[in-house]
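So the structure is just underneath, and the comments pick up after that.
The values are calculated or read from the model by the stated rules, or taken from the named source; none is laboratory data. This is a predicted model, so every value here is computed, not measured. FYI the Cβ positions are ideal-geometry reconstructions off the backbone, even for glycines, and counts take in every protein chain you see. The area values use the complete protein model at the heavy-atom level, side chains included, leaving out ligands, DNA and RNA. Shrake-Rupley method; radii C 1.70, N 1.55, O 1.52, S 1.80 Å.
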Amino acid sequence: MPELEWVRRARSFGPRVAVTSDGHDHSYDSLLSISEAIAASLLDGSTDLDEQRIAFLIPASFDYVAVQWGIWRAGGIAVPLSLFSADPELEHVITDAQVDRIIAPEDSLAKLRPLCDRLSVPLLSVDQISSRQSVPLPELDAQRRAMILYTSGTTSKPKGVVSTHANIQAQITTLVEAWGWQSKDSIPLFLPLHHVHGIVNVLGCALWSGAKVDCFGSFDAQAVLERVADKEYSLFMGVPTIYVKLIRILEAADEGDRARYADGFAHMRLMVSGSAALPASVHEQWTDLTGQKLLERYGMTEIGMAISNPLQGERRPGAVGVPLPDVTIRLVSEAGELIEEENEPGEIQVRGPAVFSEYWHKPDVTEASFVEGWFRTGDMAVLEDGYYRIMGRLSVDIIKSGGYKLSALEIEDTLLMHPAIRECAVVGLPDDTWGEVVAVAIVTRDGEHIELPALKEWATERMSSYKIPKSLLLLEDLPRNAMGKVTKPAIQDLFD
Ligand code: MLC
Ligand code: AMP
């Protein structure tokens, strides 16, 4: 019977520690037996979930992994929810993915219950589904859909990126090969687990390799640093904001602590940055403080990782390197012509087994995202001395903040529900810590006035904290071009 490849591999890792969470070690054997019990509970007498969407809202932990594997082993599609979402955002994912059931830890049930009741979606606790007797599990083909991740784009609401088991496997194996993952590796996991960076690059690669993942429910810098100082880790992966925050802590630490932390980082075999541009200055500061040369790579929810600086060889600050194994890249000019020379910018287009299968129930959007079988990333890059450098995005409406991809249009749509807002335009502003921060220019209804703190409070009920505008400008009218279209670069200038 075809068994999922990571399940087969996990059997060979047996008693080794797979996941540490809440101070407890959990072996691969334990992951196999608990995920089997969860699969049996979810099947509840049927033989196959047949791609039912099962959502779960669980912090990084052994339970998260056991539930993810349980869904997969029962033949379902895993839909991880964001711990930071406001109710309307959760509602969008649950309804758009047509979620069949939601799983959460006992202590989150009360918070989720009203929403699940309103949407008539059954809510299960992890404990309730973890002790079922084993039953025969379905045979699974790697082409089966495995996961839907919600990602923002140039449309108002986030859309569901569907990846098959084969896609996820390809996203993992390219990194295992390129970054030399081994069973003796150990890595901290503090990234959110509703995005590929945490799910694939950290969790997926580690478990594929028989390595150990040390889970933190969130990015608790002090707790992470103490474990780093104890030389617990051989690998470390984060977004640029995390390195900026760590640099500040190291610089402010007394000499003894700084030396302990720096020693712990120097001990690692590889430190990686990605999900947003790593400023060359941060790259260099990190080397000065720890002796580590960060490896920067480039990826996207739809394709996994595509371009990376090398494990061996030059890691060039400001560049993302060369295509990963089994990933094919091309650059295409605005006029649609293939770029074959260095130093000429173009859109990155990607092919390969790691590329997602479709946007959930959006065939037209899926079709428009590909040209001749190549996925259009919407990112501009240039090839310089053999390495790609990311230049920015084609759309001004995509903002990257703290490594999160945000849609200006989605935020605008939500803000327009505020009774005092007649018109608004959301833009990203450059920021040393977050890469970009969200700012909004607002035209109010007659005579109304809005203050930023009140707007933030209003928005808290409706959107994740990183989408909430950090600056506000009240205008009589929004700047427009000759065609009457709002000009976002002009709005960005007004914030200076
Ligand atoms: C939070 N805050 C922000 C903010 N996020 N302010 C501005 N911009 C943002 N983006 C504010 C909060 O409101 C709060 O304010 C304060 O900062 C602390 O918030 P926090 O949430 O506690 O911060 P912290 O835990 O330190 O989070 C920082 C972080 C997190 C970097 C750990 O943002 C994170 O995990 N980012 C990673 C996202 C990720 O994995 N992206 C990968 C997508 S996949 P106050 O006033 O309340 O103190 C992808 C593909 C690829 O991109 O290539 O990988
Ligand atoms: P997401 O849709 O959340 O997966 O975000 C993917 C986007 O993150 C890409 O399309 C890029 O815009 C951006 N990105 C990822 N890695 C890098 C990087 N190293 N440098 C610049 N941008 C990056």
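Would you confirm whether any residue within the stretch 309-325 is open to solvent by less than 20 Å² (accessible area, probe 1.4 Å), in contact with a Pro (Cβ under 7 Å, 6 or more places away or on another chain) and more than 12 Å from ligand 1 (Cβ to nearest atom)? Write out each step before concluding.
Applying the first criterion (open to solvent by less than 20 Å² (accessible area, probe 1.4 Å)) to the stretch 309-325 yields 309, 319-321, 324.
Keeping just the survivors that are in contact with a Pro (Cβ under 7 Å, 6 or more places away or on another chain) gives 321.
Narrowing further to those that are more than 12 Å from ligand 1 (Cβ to nearest atom): 321.
There is at least one residue in the stretch 309-325 that is open to solvent by less than 20 Å² (accessible area, probe 1.4 Å), in contact with a Pro (Cβ under 7 Å, 6 or more places away or on another chain) and more than 12 Å from ligand 1 (Cβ to nearest atom).
Taking the listed residues 350, 396, 440, the one that is in contact with a helix residue (DSSP H, G or I) (Cβ under 7 Å, 6 or more places away or on another chain) and within 16 Å of ligand 1 (Cβ to nearest atom) is 440, with no other qualifying. Are any of the residues in the stretch 29-39 polar (S, T, N, Q), closer than 18 Å to residue 125 by Cβ and touching an Asp or Glu at 6+ places or on another chain (Cβ under 8 Å)? No, the stretch 29-39 contains no residue that is polar (S, T, N, Q), closer than 18 Å to residue 125 by Cβ and touching an Asp or Glu at 6+ places or on another chain (Cβ under 8 Å). The set of residues in the stretch 189-233 that are part of a helix (DSSP H, G or I), over 15 Å from the mean Cα position of the chain (by Cα) and more than 9 Å from ligand 1 (Cβ to nearest atom) comprises 206, 207, 208, 209, 222, 223, 224, 225, 226, 227, 228, 229. Highlighted here are the strands (runs of 3 or more DSSP E) found entirely within the stretch 286-343 that include at least 2 residues which are within 12 Å of ligand 2 (Cβ to nearest atom): 295-300, 304-308.
Every condition in (1) under 23 Å from residue 176 (Cα atoms); (2) touching a Lys or Arg at 6+ places or on another chain (Cβ under 9 Å); (3) small (Gly, Ala, Ser) is met by residue 352 except one, and the failing one is (2). Of all residues in the stretch 277-314, those being over 25 Å from residue 431 (Cα atoms) and either basic (Lys, Arg) or more than 23 Å from the chain's Cα centre (by Cα) (or both) number 4. Screening residue 430 against (1) more than 27 Å from residue 198 (Cβ to Cβ); (2) without any contact (Cβ under 8 Å) to a residue 12 or more places away in the chain leaves a single unmet condition, (1).
Taking the residues in the stretch 465-486 that are touching a strand residue (DSSP E or B) at 6+ places or on another chain (Cβ under 8 Å) and touching a residue at least 60 places away in the same chain (Cβ under 8 Å) as candidates, determine which candidate is nearest to residue 445 (Cα to Cα). Step by step, filter the stretch 465-486, then rank; the result is 486. Among the listed residues 112, 149, 123, 137, which satisfies the condition of being free of Cβ contacts under 8 Å to residues at least 24 places away in the same chain and surrounded by 14 or more Cβ atoms within 10 Å (Cβ to Cβ)? Being free of Cβ contacts under 8 Å to residues at least 24 places away in the same chain and surrounded by 14 or more Cβ atoms within 10 Å (Cβ to Cβ) holds for just one of 112, 149, 123, 137, which is 123.
Test residue 421 against the criterion of being away from ligand 2 (no atom under 16 Å from the Cβ), crowded, with 18+ Cβ neighbours inside 10 Å, more than 24 Å from the chain's Cα centre (by Cα) and under 30 Å from residue 81 (Cβ atoms), and give yes or no. So residue 421 fits the description; yes. Figure legend. Inter-residue proximity from the stretch 222-244: first residues at negative phi, second residues at pLDDT below 95 and among the aromatic types (Phe, Trp, Tyr), beta-carbon distance below 6 Å, spacing 6+ or different chains. No pairs are indicated. Quick check: anything in the stretch 207-225 within 16 Å of ligand 2 (Cβ to nearest atom) and open to solvent by less than 30 Å² (accessible area, probe 1.4 Å)? Scanning the stretch 207-225, I find no residue that is within 16 Å of ligand 2 (Cβ to nearest atom) and open to solvent by less than 30 Å² (accessible area, probe 1.4 Å), so the answer is no. Within the stretch 403-430, the set of residues being more than 16 Å from ligand 1 (Cβ to nearest atom) and small (Gly, Ala, Ser) comprises 420, 425. When residue 156 is tested against the conditions (1) more than 23 Å from residue 38 (Cα to Cα); (2) buried (at least 22 other Cβ atoms within 10 Å of the Cβ); (3) among the hydroxyl-bearing types (Ser, Thr, Tyr), the lone failure is (2).
Taken over the stretch 191-205, the criterion of being away from ligand 2 (no atom under 12 Å from the Cβ), touching a residue at least 40 places away in the same chain (Cβ under 8 Å) and open to solvent by less than 10 Å² (accessible area, probe 1.4 Å) is satisfied by 203 alone.
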